[in-house]
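The values are calculated or read from the model by the stated rules, or taken from the named source; none is laboratory data. Keep in mind that this is a model prediction, so the values were computed, not measured. Cβ placement follows ideal geometry from the backbone for every residue including glycine, while neighbour counts extend to all protein chains displayed.
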Number of protein chains: 2
Amino acid sequence: MTDIAPRRVDIVFHAVGRVRRDVREPNAPQDIETLRATPARIVIEKAYADALLGVEPGSDLLVLTYLDRATRDVLSVHPRGDSTRPIRGVFATRSPDRPNPIGVTSVRVLAVEGLSLEVTGLDAVGGTPVLDLKSHSESFDSPYRAGGV
Amino acid sequence: MTDIAPRRVDIVFHAVGRVRRDVREPNAPQDIETLRATPARIVIEKAYADALLGVEPGSDLLVLTYLDRATRDVLSVHPRGDSTRPIRGVFATRSPDRPNPIGVTSVRVLAVEGLSLEVTGLDAVGGTPVLDLKSHSESFDSPYRAGGV
């Protein structure tokens, strides 16, 4: 068994779109449910139009975002910013602050107009770069249990 | 309403760890359940040790991986490589081939030994760079429904 040599290789992505909504400043953790309940738009860049085929009203998607306001050198936090909760490593939380700040959030598509999706469920603020959209999958997104869900 | 100017800004991440398992070649889609049922290891780099505090046997995590064998200029596919299924945009699928090939898969932690996690549920092959681990969240990972799950 050999050790894995630490190789600091750059992994480079480009936004495929952006979140558009009025709220542009990150909210306190306790306001996230309000933000999610408020419809937002995801505008996809023209170059990726063909990737939207089959995304339609009623689709359940995972949205992957680049949390560009997050702090990347944070390794442990009080969950939800609540100092009464014991410190946990960010890999055991959903903190936006983490080494690779990628947000994963399920949304429901309300409407599709060309490159613009209206969704509910999104917790990202306006201007946030979108990295990926995926169809929701019970198999990949629910807690894994051997032998099936 | 102004258009979003296309800005091709590099978004750079670095692997926080790597998948270690014997299978190193991508499987056919129909073999994924076998791969997931077979325990695998995720080895985190020493610099991120503190981010693991609270990750323990029984934890349900989402693992975000960089699918480094994927094809990034694919925008539409036959889902699961099945040519009898109609073409869909990759944003309506879980295809590994997509502009920003980030895998999202739920796993269950079986054991933690220092920087090494033994997990089941992982569909990534050996050598795959790991971008992030997150605690599973019913709220963020289940289909979004206004008014709560």
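Just so you know, in the stretch B:1-20 the residues that are in contact with a Gly (Cβ under 9 Å, 6 or more places away or on another chain) and at pLDDT 95 or above include one that is farthest from A:His78 (Cα to Cα), and it is B:Arg20. Once the stretch B:8-24 is narrowed to residues that are under 17 Å from the mean Cα position of the chain (by Cα), in a loop (DSSP other than H, G, I, E, B) and aliphatic (A, V, I, L, M), the residue that is nearest to B:Lys46 (Cα to Cα) is B:Val16.
May I ask you to verify whether B:Pro99 is at pLDDT 95 or above, farther than 17 Å from A:Phe140 by Cβ and in contact with a strand residue (DSSP E or B) (Cβ under 9 Å, 6 or more places away or on another chain)? The answer is yes for B:Pro99. Taken residue by residue, the stretch A:73-90 has no member that is within 30 Å of B:Val74 (Cβ to Cβ) and either of a type in the set (Ser, Thr, Tyr) or more than 7 Å from every other protein chain (Cβ to nearest Cβ) (or both).
Filtering the stretch B:20-41 to residues that are within 10 Å of another protein chain (Cβ to nearest Cβ) and crowded, with 19+ Cβ neighbours inside 10 Å leaves only B:Arg36. Could you figure out which of (1) facing chain B (nearest Cβ under 8 Å); (2) under 19 Å from the mean Cα position of the chain (by Cα); (3) among the basic types (Lys, Arg) isn't true of A:Arg69? Every condition holds for A:Arg69 apart from (1). Which residue is nearest to the other protein chains (Cβ to nearest Cβ), if the candidates are limited to the stretch B:105-136 and must be within 15 Å of the chain's Cα centre (by Cα) and surrounded by fewer than 16 Cβ atoms within 10 Å (Cβ to Cβ)? This residue is B:Gly127.
With A:Pro86, A:Pro57, A:Pro143 as the choices, which residue is farther than 26 Å from B:Arg145 by Cβ and either surrounded by fewer than 17 Cβ atoms within 10 Å (Cβ to Cβ) or not polar (S, T, N, Q) (or both)?
Criteria check complete, one pass: A:Pro86.
Checking the stated criteria, B:Ser95 turns out to be more than 7 Å from every other protein chain (Cβ to nearest Cβ) and among the small types (Gly, Ala, Ser).
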